[in-house]
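Colleague: I have a structure I would like to understand better, so I am pasting it below and will then ask my questions one at a time.
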Amino acid sequence: VCFVRVELEALGFQLNPDEANRILMHCNAQPYLLQMFAGNLLERLLTARRKGAFTLPIVVDRATVDSVYNDPQLREQIHRAFKITLDLDARFSVIANLLAVHAHRNGTRSPLTESELFEECRQTWPEGFADTALADFRELLSELEHLGILSPTDLRRGGRTLRSHAVLQSMGPRAQLELALREVRNL
């Protein structure tokens, strides 16, 4: 996020560290998502600067960051980026969607053990996970962790969760996730 702050400061805008960290969290620290967010933020800031009198530096406040984050077009772009990542392997989508539905029901900090998650995956899409051994499943979980979708295994709580609330929001509403899980049976 340092690059966002430096670039904005060069253009006469000041982004405080708290807002920079919120942007980082909203974008799940993914460079592509950060670029989309920063581009949208800069467009809004330049438009606002052209419309009125100002003194430099212009401070980027929380309301401005929130307005960018809540922009429906940007949220759809972020959702599509997550979907592209999950579509790398259809099993990724099933795993993440199951964890997302679980998070909607039980909260983002409520984990599923790897064996519970594996069993739910096998029940949801038997054909897709028929040839997946538990060791292979753990490798899929590791890949999803490296892609920024899952958090590391939480040894205290004994399981897996999505990386953050921002990931959950980026995946879409619960009804959409449940529909995707029902439709996977048709693959």
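Colleague: Which Rg and Dmax, in Å, describe the Cα atoms of the chain?
Modeller: 19.2, 64
Colleague: Could I ask something else about it? Take the solvent-accessible surface of the protein heavy atoms, probe 1.4 Å, and return the percent of it on the range 87-165 that carbon and sulfur atoms account for.
Modeller: Values: 1880 of 4050 Å².
Its accessible area is 46 percent carbon and sulfur atoms.
Colleague: Another one. Using unit Cβ charges (K, R positive; D, E negative) and no other charged atoms, how large, in debye to the nearest 20, is the dipole of the chain about its Cα centre? Can you show the working numbers first?
Modeller: Working: 22 positive and 24 negative charges, 133 e Å.
Value, rounded to 20: 640 debye.
Colleague: Could I ask something else about it? Given a 1.4 angstrom probe, what's the average accessible area per residue across the range 1-149, in square angstrom? Kindly include the intermediate steps, with their values, before the conclusion.
Modeller: Values: 8060 Å² over 149 residues.
Accessible surface, normalised per residue, equals 54 Å².
Colleague: How big is the gap, in Å, between the Cα center of the range 1-75 and the Cα center of the range 100-122?
Modeller: The distance from the Cα centre of the range 1-75 to that of the range 100-122 comes to 34 Å.
Colleague: To test your reading of the geometry: what angle, between 0 and 90 degrees and rounded to tens, separates the Cα axis of helix 134-146 from the longest principal axis of the chain?
Modeller: The two axes meet at around 0 degrees.
Colleague: Please tell me the relative contact order of the chain in percent, rounded to the nearest whole number, where contacts are Cα pairs under 8 Å and at least six residues apart. All intermediate terms of the calculation are to be shown ahead of the outcome.
Modeller: Details: 186 pairs, mean separation 42.4, N = 187.
Computed over the chain, the figure is 23 percent.
Colleague: May I ask for the percentage of alpha-carbon pairs in the range 58-158 that lie more than 16 Å from each other?
Modeller: Values: 3212 of 5050 pairs.
Tail of P(r) above 16 Å: 64 percent of Cα pairs.
Colleague: Could you tell me which of Ala100, Gln73, Val4 has its Cα farthest along the dipole of the range 1-117 towards the positive end, charges placed at Cβ (Lys, Arg +1; Asp, Glu -1), taken about the Cα centre?
Modeller: Farthest along the dipole direction, towards plus: Gln73.
The values are calculated or read from the model by the stated rules, or taken from the named source; none is laboratory data. Predicted, not measured: the structure shown is a model, and the values here were computed from it. Reconstructed Cβ throughout: ideal geometry from the backbone, glycine too, with neighbour counts over all protein chains shown. Areas reflect the complete protein model, heavy atoms only, side chains present, ligands, DNA and RNA absent. Shrake-Rupley method; radii C 1.70, N 1.55, O 1.52, S 1.80 Å.
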